[in-house]
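Participant: Quick one: the structure is below, questions incoming.
The values are calculated or read from the model by the stated rules, or taken from the named source; none is laboratory data. Keep in mind that what you see is a predicted model, and the values were worked out from it rather than measured. So basically every Cβ, Gly included, is an ideal-geometry build from the backbone, and we count neighbours across all protein chains shown. Keep in mind that these areas ignore ligands, DNA and RNA; they rest on the heavy atoms of the full protein, side chains included. Shrake-Rupley method; radii C 1.70, N 1.55, O 1.52, S 1.80 Å.
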Amino acid sequence: MKTYNIVAYFIMALSFVACEKSSEESTEEIAIEAPTNYTVFLSSSNNLNAVVLGTSNDEFIVKNSVESFSEIPSEYVKFRDSDEISFYYTSNCQANIELYNAANNTANSFQVFQDLDPCVIEVTAITHTAELIFIAYERELLGKDMQNVVRIISLNNSGENYIDITLDKKPVDLITSSNRLFVLTLNEFVTDEYHLSVFDLNTNQQIVEVDLGYNALKLFKNNSEQVLISYLELHTTLDPISLDKTYTTYSENTAPDFITTKDSFLDSSGKMYFQKAMLNTEIDMVPAIYDFQKNNTVVYLFENFLTESDINVKYRIATTTSIGYDEQNNYMLIGYQKKGEVNKGGILRITPAPDFKIIDNIDLDGVPQTIFVN
């Protein structure tokens, strides 16, 4: 029986609980305490659409499609926060932004880069606020070096008015906090070192550039609006105003590795829900929760709460593709792709560790990529 919990002084106790629970026969039980709907983005046949799931007559069902969200190609760059998700994508060499608000079920779609050829630029990251969307990209100039830019677009003007901020290094990721823009850049042609450029959004002028060293791979933001810079072996917490740094290191073989996740979010307590890559295992991505206050990760190996028959026959789980958390009912939602079927998936609802109680499952025509709890 394999268990995996990244807290040195809890590992024995948690391993015992996990094995004790996993020895019980898996059962499904529906016990909805509060009516809750979920907006789920599904990838199928190279397109992305959205549906609403919920419970009706004690069944976990698809209630309806999200008509306000336009189906888009499944090749996209995205950014999500607690209530909204934004997508950048191209279609017939036209670049578009689709912004969806899960709180009020509204979508806003508009064209961008009408002054450029979107097919010859590489968009590396996007982020958004309530008023602005930020698109980091690079393009090759004829006879010159690469041009690196962050384009700032007002959502009130539907992409017609914009401001371009030119960078001297390749943009890798970006995020906003305290009316400032933080851009993670890579000096890929000289030192392979990373830097953080900080811009004042009142003036769009650079305040400072911070050297980050090697392997600073991703930016996040916690519930206190502090900027988190993720490395393989640690993360740095940066105060967005003073720029003071705090370092959190991981013990050997205990890194949460949330830099590999394609979808993540924070709950109200500040815990990060993400997908963790697993080496040398049949299921290569599994659900995980990182607690920033305790600096510990709980990793949900499927064999700890499902039988081998459940994994391979009943649900046919190939890999984890998304994760959600229903705080009202204390349910984890695990989105997965089915084995041997690139356009089929499902969502499994369970209670978190140490209970590992299976609530129910739904099979879907599509693979869940992002889950919002409405």
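Participant: Name, by its number, the condition in (1) closer than 22 Å to residue 354 by Cα; (2) surrounded by fewer than 20 Cβ atoms within 10 Å (Cβ to Cβ) that does not hold for residue 289.
Facilitator: Status for residue 289: all satisfied but (2).
Participant: Only one residue in 149, 172, 210 is within 22 Å of the chain's Cα centre (by Cα), of a type outside the set (D, E, K, R) and not in a loop (DSSP other than H, G, I, E, B). Which one? Even if it seems obvious, please write down each step before you answer.
Facilitator: Numbers: 149 fails: within 22 Å of the chain's Cα centre (by Cα); 210 fails: within 22 Å of the chain's Cα centre (by Cα).
Just one listed residue meets the conditions, 172.
Participant: Under the condition of being β-branched (Val, Ile, Thr) and closer than 21 Å to residue 42 by Cβ, which residue from segment 299-339 is surrounded by the most Cβ atoms within 10 Å (Cβ to Cβ)?
Facilitator: Checking each candidate, the answer is 323.
Participant: Another one. What do you reckon, is residue 202 polar (S, T, N, Q), more than 24 Å from residue 132 (Cα to Cα), outside any strand (DSSP E or B) and open to solvent by 50 Å² or more (accessible area, probe 1.4 Å)? First the steps, then the outcome.
Facilitator: Details: polar (S, T, N, Q): yes; more than 24 Å from residue 132 (Cα to Cα): no; outside any strand (DSSP E or B): yes; open to solvent by 50 Å² or more (accessible area, probe 1.4 Å): yes.
In short, no.
Participant: With the checklist (1) touching a residue at least 40 places away in the same chain (Cβ under 8 Å); (2) buried (at least 19 other Cβ atoms within 10 Å of the Cβ); (3) in a loop (DSSP other than H, G, I, E, B) in hand, flag the one item residue 216 doesn't pass.
Facilitator: Failed condition: (1).
Participant: Taking segment 148-189, which residues are open to solvent by 50 Å² or more (accessible area, probe 1.4 Å) and touching a strand residue (DSSP E or B) at 6+ places or on another chain (Cβ under 8 Å)?
Facilitator: Just the residues of segment 148-189 that are open to solvent by 50 Å² or more (accessible area, probe 1.4 Å), to begin with: 156-158, 160-164, 166, 168, 178-179, 188-189.
Within segment 148-189, 158, 161, 162, 163, 164, 166, 168, 179, 188 qualify.
Participant: Which of the residues spanning segment 183-199 are among the polar types (S, T, N, Q), part of a loop (DSSP other than H, G, I, E, B) and touching a residue at least 12 places away in the same chain (Cβ under 8 Å)?
Facilitator: If we filter segment 183-199 for residues that are among the polar types (S, T, N, Q), which is where we start, we get 185, 187, 191, 197.
The next check asks that each one be part of a loop (DSSP other than H, G, I, E, B); those that pass are 187, 191.
Matches in segment 183-199: 187 only.
Participant: Name the strands (runs of 3 or more DSSP E) wholly within segment 35-141 that hold at least 3 residues that are of a type outside the set (Phe, Trp, Tyr), open to solvent by 10 Å² or more (accessible area, probe 1.4 Å) and farther than 26 Å from residue 341 by Cα?
Facilitator: So the answer is 94-101, 106-112, 121-128, 132-140.
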